[in-house]
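**Student:** Starting off with a structure, shown below.
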Amino acid sequence: MHRRLSIALYFSSALLLIGCSESVELHRQLSEQEANEVIAELADKQIRAQKIPAKDGVVVRVRANDISRAVRTLEAVGLPKVARSTLGDIFRKEGVISTPLEERARYIYALSQELEATLSKIDGVIVARVHVVLPERVAPGEPVQPASASVFIKHDPRLDPDNIHPRVRRMVASSIPGMASAVENTQKLTVVFVPATAYQEQQQLTYLGPFLVPEQDLGFWRTSVIAPLIALVLGGTGWLFWRRRTKFTHATEPVIAHVHE
């Protein structure tokens, strides 16, 4: 009987942990700052996240039933931020001689990356992309095509683009060779602002027996239902054990008394 009670207690403990111990990996190879930003944003949406140090960075894990909400929440705010290459990264000496065309392509890419990284630092900017065209002569004898640039900014709906539009134009124009005078020229410098669509959380329902409950509360309700059942089973088992023992004691008392007589 004691063995049966031990087995019942073991399974009851396992069932109680089902609703709270299962977690899945959300992101890995994050820096400490990136992980903190992710966890802070999830906490604002009542999503619990766990930060685990690893050899290649920080791993962020969430409960399995929160993974969908967590992914959509972070996508809406552009987290974690995309790592940008710097001019030093692009032009690191590797012992290989590059052609002028390759050097030009690398320079344009590095310049775009630097501008995107700077624009992303502006409060309210979620995603920034910059496409640069440097001055170029298409064919011998042809006039040099002037430099141009296109800027795409996806921003928080609370940000007013009119407040930063002039500053963005000045910064980009002054950062690209040959564009210092193109601040007001919309043909040479185009800036497009697009407001991000805020993530509207929709309550997901799932079945717990014949009842529909919120998916994020499934673990709680499962534990709330299973725990009393386990307590009832254990209580019933203990009561039956006590009854049998009491009957056995009452049955053996006359026999013992008769032997003593």
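**Student:** What are the ³J(HN,Hα) values, in whole Hz, obtained from phi via the Karplus relation 6.51 cos²θ - 1.76 cosθ + 1.60 with θ = phi - 60°, for each residue of region 100-110 in sequence order, with x given for Gly and Pro?
**Tutor:** Ordered by residue, 3J(HN,Hα) equals x, 5, 5, 4, 5, 4, 5, 5, 4, 5, 5 Hz.
**Student:** On to the next question. Against the globular-protein guess of 2.2 N^0.38 Å, express the Cα radius of gyration of region 87-195 as a ratio, rounded to two decimals.
**Tutor:** Normalised Cα radius of gyration, region 87-195: 1.19.
**Student:** Let me ask something else. Please list, in order along region 156-161, the HN-Hα scalar couplings obtained from phi with the Karplus expression 6.51 cos²θ - 1.76 cosθ + 1.60 (θ = phi - 60°), rounded to whole Hz, x for Gly and Pro.
**Tutor:** 4, x, 6, 7, 8, x
**Student:** Next question, about the same structure. Roughly speaking, what is the stretch gain from Ser175 to Glu142, that is 0.36 nm per residue apart minus the C-alpha to C-alpha distance, in nm to one decimal?
**Tutor:** 9.3 nm
**Student:** Turning to a different aspect of this structure: Check Leu30: other-chain or 5+ apart residues with amide H under 5 Å from its amide H, H built from backbone geometry?
**Tutor:** Here Val58 satisfy the definition.
**Student:** Kindly write out, for region 54-65 in residue order, the coupling ³J(HN,Hα) from the Karplus curve 6.51 cos²θ - 1.76 cosθ + 1.60 (θ = phi - 60°), rounded to whole Hz, with x marking Gly and Pro.
**Tutor:** Those phi angles translate into 9, 5, 9, x, 10, 9, 10, 10, 9, 5, 4, 7 Hz.
**Student:** Averaging sequence separations of C-alpha pairs under 8 Å and six or more residues apart, then dividing by the length of region 87-195, give the relative contact order as a whole percent.
**Tutor:** This gives 23 percent for region 87-195.
**Student:** Amide H to amide H, which residues 5 or more places from Ser23 or on other chains are under 5 Å from it, using H placed in the peptide plane?
**Tutor:** Ala64
**Student:** Round to the nearest 0.05 the FRET efficiency obtained for Thr190 and Glu22 when R0 = 35 Å and r is the Cβ-Cβ distance.
**Tutor:** The calculated FRET efficiency here is 0.10.
Here, each number is a calculation from the coordinates, and none is a lab measurement. Values in this document were obtained by computation on a predicted structure and should not be read as measured data. Methodologically, a virtual Cβ is constructed for each residue, glycine included, from the backbone with ideal geometry; neighbour enumeration extends over all protein chains shown.
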